[in-house]
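The values are calculated or read from the model by the stated rules, or taken from the named source; none is laboratory data. Bear in mind the structure is a predicted one, so any value in this text is a computation, not a measurement. Using ideal geometry, Cβ is built from the backbone for each residue, glycine included, and neighbour counts are taken over all protein chains shown. We work out accessible area using only protein heavy atoms, side chains counted, and drop any ligands, DNA or RNA first. Shrake-Rupley method; radii C 1.70, N 1.55, O 1.52, S 1.80 Å.
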Amino acid sequence: VLKLLAGKTQALISIDTTKSEVARQALELGADIINDISGLTFDPQMPKVCQHYQAGIVCMHIQNTPQTMQLNPVYEDCLNDVKAWLRSRLDSLISAGISPDSIILDPGIGFGKTAAHNLQLLSNIASLCELNRPILIGHSRKRFLKKILGEDLDEALYGTLGVSLALAHQGAHILRVHDVQATRETLTAFNTILAH
């Protein structure tokens, strides 16, 4: 699928993986970006592979592992702890020879965070933007939306759109969403009104 897709689209192709061999093969076949939920920490070879292929990188924060991240996430100060971790990873990746221009930072909404942690991060995007790299947020259809809406909604489209507007207004650079057309139209209308 990747081999066929890479030759037929001008869109950048992003691969979600924490494994350097998966990343290597995907980049060989034409992938452009490696989105690593571990911030390139689970596999020590990942930075070298990404550097070799000059891949775009999404460096995400996670506390613990996917199996344990939601057991009891605790921070001294979630925003400052996540921001410091992202800054440290950014410095490490640059030291490994990766161009800072190829790095996108993701605070990891829902990855080792309570609903309160997620809300603290989502309401302080401007602080994360101080890291001087594009900020990606993956908030679409996440469980914390139930806390905001007070309902257990299967898709939470309207909640996702509401958060998308708030994120765009604060300066988030990339929104990772399921409902692309609905989000695009909502943001286009929002930005058109703000521009007048």
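Counting only heavy atoms of protein chains, what accessible area per residue, in Å², does the chain have with a probe of 1.4 Å? Kindly include the intermediate steps, with their values, before the conclusion.
Details: 10790 Å² over 196 residues.
Accessible area per residue, the chain: 55 Å².
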Tell me, how many Å apart are the Cα centres for the stretch 84-108 and for the stretch 134-153? 25
Give me the number: length gained by fully extending residue 151 to residue 91, i.e. 0.36 nm times residue separation minus the C-alpha to C-alpha distance, one decimal in nm. 17.5 nm
FRET efficiency for residue 68 and residue 21, Cβ-Cβ distance as r, R0 = 25 Å, nearest 0.05? 0.55
Quarter of the surface of the C-alpha convex hull for the chain, i.e. direction-averaged projected area in nm², equals 12.1
List the relative contact order of the stretch 133-196 as a percent without decimals, with contacts defined as Cα pairs under 8 Å and 6+ residues apart. 42
With charges only on Cβ, +1 for K and R and -1 for D and E, what is the dipole size of the chain about its Cα centre, in debye, rounded to 20? 140
Give me the percent of accessible area attributable to carbon and sulfur for the chain, probe 1.4 angstrom. 53
Need the full-extension length gain, residue 8 to residue 79, defined as separation in residues times 0.36 nm minus the C-alpha distance. One decimal, nm. 21.5 nm
For the peptides 177-189, 76-88, what is the packing order when you average, over each peptide's residues, the other Cβ atoms within 10 Å and list the highest mean first? 76-88, 177-189
Only helices counted: for the chain, with every DSSP H run of 4 or more residues adding -39500 (n - 2.57) and the sum spread over all residues, [θ] at 222 nm is -13000 deg cm²/dmol
Of 83/146; 8/146; 3/147; 48/83, which pairs sit farther than 31 Å apart, going by alpha carbon to alpha carbon? 8/146; 3/147
